[in-house]
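Just so you know, all these numbers are worked out from the coordinates, no wet-lab data involved. Just so it is clear, the structure is predicted and the values come from calculations on it, not from any experiment. Note that each Cβ is placed from the backbone with ideal geometry, even for glycine, and that neighbours are counted across all protein chains shown.
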Amino acid sequence: NAGVTQTPKFQVLKTGQSMTLQCAQDMNHEYMSWYRQDPGMGLRLIHYSVGAGITDQGEVPNGYNVSRSTTEDFPLRLLSAAPSQTSVYFCASSPRGGAQYFGPGTRLTVL
Amino acid sequence: SQQGEEDPQALSIQEGENATMNCSYKTSINNLQWYRQNSGRGLVHLILIRSNEREKHSGRLRVTLDTSKKSSSLLITASRAADTASYFCATVDNTGFQKLVFGTGTRLLVSP
């Protein structure tokens with residue numbers, strides 16, 4: 001199993017550009033989540049999904065969209081990038097009631 | 001808002017010593033989890049303790065949970081240089097989906 005994979009590893013955007021961060025898991029987990037980690041802030045939940053076709057907002061959803069058309073994939077879309085979205089983004093998946101498995105992260109810089 | 005607050009923010013010890021980190025949280029929980037993050041890497045799950053458990057062990061790790069005080073502690077015994085990392089606690093509430101709410105972490109440095 002590859003576990004949770006994220007692409008790209010690094011990305012630089014200009015303000016106003018849009019992009020999609022990819023996340024995939026091959027463990028057949030129901031739950032998937034996106035977090036951002038800013039220096040000294042710990043991780044904050046952006047969006048999450050409890051199954052294909054079901055998504056909901058987390059603590060910091062503004063400026064981001066998600067969809068979950070399959071169990072395996074949970075892409076995160078930045079609609080119009082802003083410097084405040086410079087961060088490290090982590091995707092995670094988990095079975096119901098279990099621990100979360102994290103991807104290696106995407107380091108995003110918005111100029 | 002952050003749910004968990006780890007204490008201390010940073011801890012520096014020698015190899016072979018024990019390291020204790022504490023976590024306090026604000027609301028009732030279903031379970032509490034501890035994660036490790038090596039510099040520049042993703043988070044790795046260490047241990048999960050449910051609200052009806054008081055203590056749990058996994059190898060050199062010992063976790064306690066006191067729901068009356070809304071606090072947990074992580075003890076790493078006989079620490080090694082490879083234990084150098086940031087450690088986060090995260091809580092899951094009882095509202096259904098297990099949204100992890102993370103604290104800001106404890107940075108542990110273990111010197112040879």
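Based on alpha-carbon centroids, what's the gap between the stretch B:56-99 and the stretch A:35-77 in Å, whole number please?
The stretch B:56-99 and the stretch A:35-77 have Cα centres separated by 24 Å.
Could you work out the mean count of beta carbons from other protein chains within 10 Å of each residue's beta carbon in A:93-101?
Averaged over the peptide's residues, the number is 5.
For the pair A:D38/B:E15, report the inter-label distance in nm, with labels modelled 7 Å from Cα in the Cβ direction.
Using points 7 Å along Cα→Cβ, the separation is 3.9 nm.
What is the calculated FRET efficiency for B:S51 to A:K14, with r their C-beta to C-beta distance and R₀ = 41 Å, to the nearest 0.05?
0.30
Quick one: of the DSSP bridges fully inside the protein assembly as shown, what percent are antiparallel, nearest 5?
Numbers: 71 of 80 bridges.
Around 90 percent antiparallel, to the nearest 5.
For B:S28 and A:I54, what is the calculated FRET efficiency with R₀ set at 25 Å and r taken between the beta-carbons, to the nearest 0.05?
On the way: r = 25 Å, r/R0 = 0.99.
Once rounded, the FRET efficiency stands at 0.50.
Summarise the long-distance tail of P(r) for the protein assembly as shown by giving the % of C-alpha pairs beyond 33 Å. Present the calculation step by step, with values, prior to reporting the outcome.
Values: 3869 of 24753 pairs.
It works out to 16 percent of all Cα pairs.
Given a Förster distance of 45 Å, report the FRET efficiency between A:M27 and A:S80 from their Cβ-Cβ distance, rounded to the nearest 0.05. Please list the in-between numbers first.
Numbers: r = 33 Å, r/R0 = 0.73.
In this case the efficiency is close to 0.85.
Taking the number of other C-beta atoms within 10 Å as the exposure measure, put A:M27, A:M32 in order starting with the fewest. Let's see the in-between values first.
Details: A:M27 14, A:M32 28.
So the ranking, lowest neighbour count to highest, is A:M27, A:M32.
Reachable lysines from B:K69, Cα under 25 Å, same-chain residues fewer than 8 places away excluded?
Output for B:K69: B:K26, B:K56, B:K99.
Quick one: of the DSSP bridges fully inside the stretch A:1-107, what percent are antiparallel, nearest 5? Walk me through the numbers before you get to the answer.
Details: 32 of 33 bridges.
Looking only at bridges with both residues in the stretch A:1-107, the antiparallel portion is about 95 percent.
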